[in-house]
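Read the structure below first, then the notes.
The numbers here are math on the coordinates, done by the rules we state, and not lab data. Model, not experiment: these values are computed from the prediction. When we count neighbours, we look across all protein chains shown, and the Cβ atoms used for this are built from the backbone with ideal geometry, even at glycine.
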Amino acid sequence: VCHVGHKLPEYDPNCTEGCGDAGKIDLIEVKQSVAVKHLGNTAHSYDGVSDYVPGSHGATGVGNKDSDGNGIDDGCESDPSRAIGTITADILRGGSPPGSDRGVESAAVNLVADAQLWATSSNGAQIAFMNPAGVRSDLIYVASAGEGDGVVTYGEALSFQPFNNTLLTFPMTGAQIISVLEEQCQPVVASRPFQHLGVSDGFTYDLSKVIVAGECTSVVVSNVALNGVPLVSTTMYVVTVNNFLAAGGDNFGTFTTIDPSTILEDGSDLEAIVNYFGANSPVAPPSTDRVNEL
């Protein structure tokens, strides 16, 4: 089952990826018994229902290998052991141990930004940002469950990005982008002094920050560039983030000033990372020098 825009479409064999009758039956059951919306965005409704929470129809979430009850794994279920691609080395979050420091640039969070930029390029995206808290595990090269060294499974991707956020693409001025980067320095009441956004390949800047007694007291962002060309404060750039950031999550309030009429939806973050691995494997750990910390 898949979404087109805000609505669940009529049965389409291409949409169900060759699932055949099982996919058709699942889709018809959902359409006849419930009203479905694009989950996670209360502004989008389907058939007049603006805040529907699905029941046990199996239309959302990750099913087991026989979630439609026909006794076989016919490809219509999400198999956690299914290989989606490969990596050349560990891709880790920030800190030691990995994941302990969200205030530093990391290969894992930059990878997600790369995948989301790639996934939304058809909407004209030029830059993608990713919040570090949205990446919840590391991708380890050594096999963990017999899948083979370097192999990334669907289950590992789901653990890596478990929130199933929606990708949103919209125009921002260079000045707004710089404001977002400055908001990485978090308010005193925040749980962490600095939230280091992942940035997509080709986007670079210099960063100077001061953290005293666990509080970020100042931040200076300079030499911001896209593909080597300095960012212009009055120029419009097309940016992709997830719906959490777009709603001002983790105190990134500048995103909430975007005109809603300019926002385009483009699938989920999980779909983006799965498809990115499918198209770009083997994937090497992204560089962690996109941000030059002074």
Cα-based Rg / Dmax (Å) for segment 85-130: 12.4, 37
Percentage relative contact order, segment 115-233, counting C-alpha pairs under 8 Å, at least six apart: 24
Protection-proxy order for peptides 213-225, 84-96, each taking the mean of Cβ atoms within 10 Å per residue, highest first: 84-96, 213-225
Over segment 81-150, relative contact order from alpha-carbon pairs under 8 Å, at least 6 apart, %: 37
Mean separation of Cα contacts under 8 Å (6+ apart) over length of segment 185-294, as relative contact order %: 28
Sorted peptide list for 103-110, 256-263, 239-246, criterion being average Cβ within 10 angstrom, highest first: 239-246, 103-110, 256-263
Taking the C-alpha atoms of segment 113-162, convex hull volume expressed per residue in Å³: 90
Cut-off under 5 Å, modelled amide H: who pairs with VAL104 long-range: HIS196
Residues with amide H under 5 Å from that of CYS216, placed H, sequence gap 5 or more: GLN186
Largest-first principal axis extents, alpha carbons of segment 118-241, Å: 50, 43, 25
Karplus 3J(HN,Hα) series, Hz, for segment 173-187 with 6.51 cos²θ - 1.76 cosθ + 1.60 (x for Gly, Pro): 6, x, 5, 5, 5, 4, 4, 4, 5, 5, 6, 4, 6, 7, x
Hz values of 3J(HN,Hα) by residue in segment 115-128 - Karplus curve (6.51, -1.76, 1.60), Gly and Pro given as x: 5, 6, 5, 4, 5, 10, 4, 5, 8, x, 4, 10, 9, 10
Amide H contacts of SER268 (H built 1.01 Å from N, under 5 Å, at least 5 apart or other chain): LEU167
